[in-house]
Amino acid sequence: MDIVLLTALGVGSATVIGALIGFAFKKISHKFSDIVLSFAAGVMLAAAVLGLVIPSIEYGGKYGILITVVGIFVGALCLNLIDKIVPHLHKMIGPDIEDHNKTGLNKVLLFVTAIAIHNLPEGIAAGVGFGSENTAQALVIAGGIALQNIPEGMVIIGPMLAAGVKPSRTFIIAMLTGVIEVIGTLIGYFAVSVASVILPFALAFAGGTMLYVISDEMIPETHAHGSESGATFALLVGFCVMLVTDVLLG
């Protein structure tokens, strides 16, 4: 339990780390942000397949593949429903957000709220990973999610400051988005701990949410600013780093 709690705090703290970087540099280049986010996408892609989808099939027994497929689609559909209610990253990071002088406070706060809402299922994915009892793999999954949170924390600082939010309040808001992820991680862990029978579905559900985030949000965002080639290779590097890590720790 101690390692789960520390992991939850670590995943949530990644957003705060990103926020501190955002305060320090305020104007971070799209190229740098895209490379970091693409690397994280590669890690998350491998983690979703190796740490969530494949274990889901193995733990599901006779109907493992059916449970896994259903779980993946349910997870993706849940995030798709959230997207219809509150658009996220690539749907909101556009000229209006980047032109700070024209950015409305309401739109900025909606953008931050969207990140916070999406952090809940991402946190659940990190927590569910511990249900497979492969702690090393669960930590790598959480690490991939944490990597994604750093550029998210970086990108929310500039618009809030430009919209007139005080630096202290900006930092608190960024920290709260990280707290949501901590809560999600604990929910995921306790859900599979209390009812281990749901583990195969929960693993697939978590995998589906991660695959959805990668395809619907991370890849489009990293390919929207002219850094497609660098972003693609960064994703491949992240994917291979996760593969090597999984083999070494397996």
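Quick notes
- Rounded FRET efficiency, nearest 0.05, which uses the C-beta distance separating L81 from F32 and R0 of 22 Å: 0.10
- Set of segment 123-151 residues, backbone N closer than 14 Å to the point 7 Å along the Cα-Cβ line of A24: 150-151
- Residue (of G153, A40, A76) at the positive-pole extreme of the chain, dipole from beta-carbon charges: G153
- Residue-normalised accessible area of segment 179-250, given per residue in Å² at a 1.4 Å probe: 46 Å²
- Heavy-atom accessible surface of the chain: percent carbon and sulfur, 1.4 Å: 73 percent
- Against the chain, whose longest principal axis is taken from its Cα atoms, helix 64-85 shows a tilt of about 20°.
- Taking the alpha carbon gyration tensor of the chain, multiplying each eigenvalue by 5 and rooting it gives semi-axes of 30, 18, 16 Å, largest first.
- Heavy-atom surface of segment 1-69, accessible at 1.4 Å and reported per residue (Å²): 49 Å²
- Per-peptide average of other Cβ atoms within 10 Å, ordering 143-152, 56-65 highest first: 143-152, 56-65
- Whole-Hz Karplus values for segment 234-245 come out as 5, 5, 5, 4, x, 4, 5, 4, 5, 4, 5, 4 Hz, taken residue by residue from phi with 6.51 cos²θ - 1.76 cosθ + 1.60 and θ = phi - 60°; glycine and proline positions read x.
The values are calculated or read from the model by the stated rules, or taken from the named source; none is laboratory data. What you see is a predicted model; the values in this text were computed from it and never measured. Don't worry about glycine lacking a Cβ; one is built from the backbone with ideal geometry, like all the others, and counts go over all protein chains shown. The protein model used for the area step is the full one, side chains on, heavy atoms only, and it has no ligands, DNA or RNA in it. Shrake-Rupley method; radii C 1.70, N 1.55, O 1.52, S 1.80 Å.
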